[in-house]
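Working notes, structure below.
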Amino acid sequence: MPIIAPSLLSANFLNLQKDCELLNESEADWFHLDVMDGSFVPNISFGLPVIEHIRKATNKICDVHLMIVEPAKYAEAFKKAGADILTVHYEACTHLHRNLQQIKSLGMRTGVALNPHTPVQLLADILHDIDLVCLMSVNPGFGGQQFIPHTLVKIRQLKQMIEERNLHTHIEIDGGVTLQNAKSILDAGADVLVAGNTVFKAEDPIATIAALKAL
Ligand code: DX5
Ligand code: ZN
């Protein structure tokens, strides 16, 4: 069964508590929390104080996706705010190995996100230090964009790399996941589906999460 990680970027920011309760009642496994700094990506979302409050509103896993430059500066603060998984962008980390050791030593699971143009092969020498690879299937920065079909090729390549090394690294797909394309994404080898608009713009978000989970 896939892991479903609804993205709160598409939630109602005036009533986050209600959307947190909705996810708590649902079959969602993780809360996907998108942090944007207006520098790494051309958008600004939310940060530490909001995550601190979300942390108090759920016992589910908080999967924090940092779309920021210099993530090492803030890793400890995100741990304190309640992150269970901390994902940094490959493109934002000159010293990725050091960054991942820092995240591990703080007691979080390590995630690395790749932009659509970044080849999965670049992870060959670091894959054993990564708990989760987040393949961006849109250009990061905004919810509600169209899934980039080439992502399916990247999923298959990454899956093969993981199996060749006997690892258990999660493959998370982020951006443009819908009820229509989710099956092909899972068939390619992904095991975590992020869904923002598909969940929160649905008439029945709980049923939509259940439908993704049942795929
Ligand atoms: C985009 C974010 C995504 C976003 C996905 O930069 O990383 O997590 O919320 O939204 P949808 O599912 O609407 O494409
Ligand atoms: Zn994300």
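The values are calculated or read from the model by the stated rules, or taken from the named source; none is laboratory data. In this text, all values refer to a predicted model and were calculated from it rather than measured experimentally. Every residue, glycine among them, receives a Cβ derived from its backbone with ideal geometry; neighbour counts consider all protein chains shown. Ligands, DNA and RNA are stripped out before the accessible areas are found, and what is left, the full protein with its side chains, is counted by its heavy atoms. Shrake-Rupley method; radii C 1.70, N 1.55, O 1.52, S 1.80 Å.
Between residue 27 and residue 184, the FRET efficiency from the beta-carbon distance, with R0 = 30 Å, is close to 0.90.
Note that region 3-213 presents 44 Å² accessible area per residue, ligands and nucleic acids not counted, probe 1.4 Å. Figure legend: label point modelled 7 angstrom from the Cα of residue 58 along Cα→Cβ; residues of region 167-187 with amide N under 16 Å from it are 173-175. For the pair residue 165 and residue 48 in one chain, pulling the backbone fully straight at 0.36 nm per residue adds 38.6 nm over the alpha carbon distance.
Sorting the segments 23-33, 195-205 by their mean number of nearby beta carbons within 10 angstrom, highest to lowest, gives 23-33, 195-205.
The relative contact order of the chain comes to 23 percent, based on Cα pairs under 8 Å that sit 6 or more residues apart.
Could you tell me which helices of the chain pass both thresholds, a Cα extent of 15 Å or more along their own axis and a mean Kyte-Doolittle hydropathy of at least -1.0, with helices taken as whole DSSP H runs?
Numbers: long enough: 151-164 (20 Å, -0.31).
Result, helices passing both filters: 151-164.
Each peptide in 55-62, 35-42 gets a packing score, the mean of other Cβ atoms within 10 Å over its residues, and the list from highest to lowest is 35-42, 55-62. Partner lysines whose Cα lies under 18 Å from the Cα of residue 154, excluding those fewer than 8 positions away in the same chain, are identified as 183.
With just the Cα atoms defining each centre, how far is region 156-215 from region 28-94? Give it in Å. Result: 20 Å between the Cα centres. The residue 201 and residue 77 beta-carbon pair, evaluated with R₀ = 30 Å, returns a calculated FRET efficiency of approximately 0.45.
Could you work out [θ]222 nm for the chain from helices alone, using -39500 (n - 2.57) per DSSP H run of at least four and dividing by all its residues? Round to the nearest 500 deg cm²/dmol. Display every interim value, and only then the final one.
Values: 8 runs with 71 residues, N = 215.
After summing the helix terms and dividing by the residues of the chain, the value is -9500 deg cm²/dmol.
Quick check: at a probe of 1.4 Å, how many percent of the accessible area of the chain sits on carbon and sulfur atoms?
Working: 5040 of 9730 Å².
With neighbouring chains kept in place, the figure for the chain is 52 percent.
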